[in-house]
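J.: Before I ask anything, here is the structure I am working with.
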Amino acid sequence: MLEITSHIQLREDELVFRFVRASGPGGQNVNKVATAAELRFDVMSNSSLPAAVRERLAILAANKINSQGQLLIFAQRFRTQERNRADAIERLVTLIRRAADIPKVRKRTKPTRASKRRRLDGKRRNSKKKSLRSSPNNE
């Protein structure tokens, strides 16, 4: 069980890993060992995630979701499969936590009478200042 938040857990069998050859660090092993981890997580048909979290995750990671509704995370930062696998899981957990946070709804407010007055006073001052710059015979 992978704990995301106190009320969201994922089962290990919901995560599908595939290991491929990675570009980047690896030394002599780079062309021999498949160290890059490709994590596939089915967002759309997942029952572990609440519907609201699923929708926010689909919006948040829209460019990482394929046409079948699977979230693809490609991790190749490290030289070993284990560390790349852990990195992919950590990135998935971070994404789901961000999707689990309910965005705060903005309350529309009206400007106060005093702020309206300050704005208009400032406009009057600027108008007066600019009118004093003009030539006296250009009335």
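J.: From the list T112, T35, which one is in contact (Cβ under 8 Å) with a residue 24 or more places away in the chain and more than 22 Å from L10 (Cα to Cα)?
T.: Exactly one residue qualifies, and that residue is T35.
J.: Which condition does S23 not pass, out of (1) within 23 Å of the chain's Cα centre (by Cα); (2) surrounded by fewer than 16 Cβ atoms within 10 Å (Cβ to Cβ); (3) of a type outside the set (D, E, K, R), if it passes all the others?
T.: (1)
J.: State the number of residues belonging to the stretch 50-97 that are of a type in the set (F, W, Y) and either in contact (Cβ under 8 Å) with a residue 40 or more places away in the chain or on the phi > 0 side of the Ramachandran plot (or both).
T.: Result for the stretch 50-97: 1.
J.: Out of the residues in the stretch 70-79 meeting the condition of being touching a helix residue (DSSP H, G or I) at 6+ places or on another chain (Cβ under 8 Å) and either among the basic types (K, R) or closer than 15 Å to S45 by Cα (or both), tell me which one is surrounded by the most Cβ atoms within 10 Å (Cβ to Cβ).
T.: Among those that are touching a helix residue (DSSP H, G or I) at 6+ places or on another chain (Cβ under 8 Å) and either among the basic types (K, R) or closer than 15 Å to S45 by Cα (or both), it is L71.
J.: Out of the residues in the stretch 80-139 that are among the acidic types (D, E) and assigned to a loop (DSSP other than H, G, I, E, B), which is nearest to A61 (Cα to Cα)?
T.: So in the stretch 80-139, the residues among the acidic types (D, E) come out as 82, 87, 90, 101, 121, 139.
Filter once more, keeping what is assigned to a loop (DSSP other than H, G, I, E, B): 101, 139.
On the way: D101: 14, E139: 62 Å.
Checked the stretch 80-139; the qualifying residue nearest to A61 (Cα to Cα) is D101.
Readers should treat all values here as calculations from the given coordinates under stated rules, not as data from a laboratory. Since we're looking at a predicted model, the values are computed, not measured. Note: ideal-geometry Cβ built from the backbone for every residue, glycine included; neighbour counts use all protein chains shown.
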